[in-house]
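Worksheet for the structure shown next.
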Amino acid sequence: MDKSKPTLAVWKFASCDGCQLSLLDCEDELLKLSENLEIAYFMEASKKNAQGPFDLSLVEGSITTEEDLQRIKWVRSQSTHLVTIGACATSGGIQALRNFTNVKDFVKLVYPKAELISTLSTSTAIAEHVKVDFELQGCPINKYQLLEVCRSFLLGKRPNIPKGAVCIECKQRGNPCIMVTQGVACLGPVTHAGCGALCPTYSRGCYGCYGPKETANPKALAQWFDKELNVPKWQTLHLLRNFNANAEPFTTVSKDYE
């Protein structure tokens, strides 16, 4: 390991690995980044991993077991800076749907020997358990935003990640509003930008994979779905309870539609 460079560690908790793969998808950019940053621990990419402490840790995944809870505390103790990446790490992920029901019911349905499964009753974000220096939203994350986070760490500055809504990206792409022109329910007005308005570009309503933007007002949007689009309550509930079901204010508003 090159001790002259800052060290990077990448950790996985309960997740699908998609956000870690976003880092590998950087390809040429990753090679340039590695000239200034030593990738010291990354089980997804290498069997040879260094011991901590680490200058920067990227954490994917939510806390779903007691083992997870103890391990994230250890990771935090070994990390000068800790950044969570993706919906699982920043809000609990799709697995946070367990938070709205009894997890034992799911376990009985999925596993033939439920008594062998040891899990927490909730799936929660990393920030609910340890100090987090920055959260990068998305399912999966935007690889260019991830590169910005890493570069900002090297430069000692706050990452410059857009704070607007998906609607802004729709306008940048010249998309007509699908809610206005097609009557399609869309979470674009309350969802953090970063996907490039992928779904609305193909006439599919945004389902909030980048989580709520700052100052989001999903309650007002849901009421507009009711009055102007005649969206069934179950559909609004499903929109709010997706990859970021455990992210406020999506969580609070969704309870009105149970």
- Query: Applying the selection to the range 8-28, what residues are modelled with pLDDT of 90 or more and in a helix (DSSP H, G or I)?
  - Reply: G18, C19, Q20, L21, S22, L23, L24
- Query: Tell me, which residue of the range 101-141 that is at pLDDT 95 or above and in a helix (DSSP H, G or I) is surrounded by the most Cβ atoms within 10 Å (Cβ to Cβ)?
  - Reply: I126
- Message: Restricting to the range 32-68, name every residue that is without any contact (Cβ under 8 Å) to a residue 12 or more places away in the chain and charged (D, E, K, R).
- Response: K32, E35, K47, K48, E67
- Message: Every residue in the range 125-179 that is small (G, A, S) and touching a residue at least 12 places away in the same chain (Cβ under 8 Å), please.
- Response: A125, A127, G138, G164, A165
- Note on the structure: (1) within 30 Å of K104 (Cβ to Cβ); (2) in contact with a Cys (Cβ under 9 Å, 6 or more places away or on another chain); (3) among the aliphatic types (A, V, I, L, M) all hold for I63 apart from (2)
- When you go through (1) surrounded by 14 or more Cβ atoms within 10 Å (Cβ to Cβ); (2) in the same structural domain as Q20 (by TED's automatic domain parsing); (3) at negative phi one by one for C170, which number turns out not to apply? (2)
- Query: Do we find a residue being modelled with pLDDT under 90 and not in a loop (DSSP other than H, G, I, E, B) anywhere in the range 36-48?
  - Reply: no
- Query: Any idea which residue in the range 185-204 is surrounded by the most Cβ atoms within 10 Å (Cβ to Cβ), counting only those that are over 18 Å from the mean Cα position of the chain (by Cα) and closer than 12 Å to R173 by Cβ?
  - Reply: P200
- Query: Restricting attention to the range 25-81, and to residues there that are among the acidic types (D, E) and under 30 Å from N246 (Cβ atoms), which single residue is surrounded by the fewest Cβ atoms within 10 Å (Cβ to Cβ)?
  - Reply: E66
- Task: Would you be able to tell me the number of residues in the range 179-193 that are out of contact with any Cys (no Cβ under 8 Å at 6 or more places or on another chain) and assigned to a helix (DSSP H, G or I)?
- Result: 4
- Of S79, S4, the only residue that is out of contact with any helix residue (DSSP H, G or I) (no Cβ under 8 Å at 6 or more places or on another chain), at pLDDT 95 or above and small (G, A, S) is S79
- Message: So, in the range 150-167, how many residues would count as being under 16 Å from the mean Cα position of the chain (by Cα) and surrounded by 21 or more Cβ atoms within 10 Å (Cβ to Cβ)?
- Response: 2
- Query: Within the range 197-209, can one find any residue that is charged (D, E, K, R), closer than 17 Å to Q137 by Cα and not assigned by TED's automatic domain parsing to the domain that holds A87?
  - Reply: no
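The values are calculated or read from the model by the stated rules, or taken from the named source; none is laboratory data. Here the structure is a predicted model, which is why all the values come from computation and not from measurement. Neighbour counts are summed over all protein chains in view; Cβ atoms, including those assigned to glycine, are modelled from backbone coordinates with ideal geometry.
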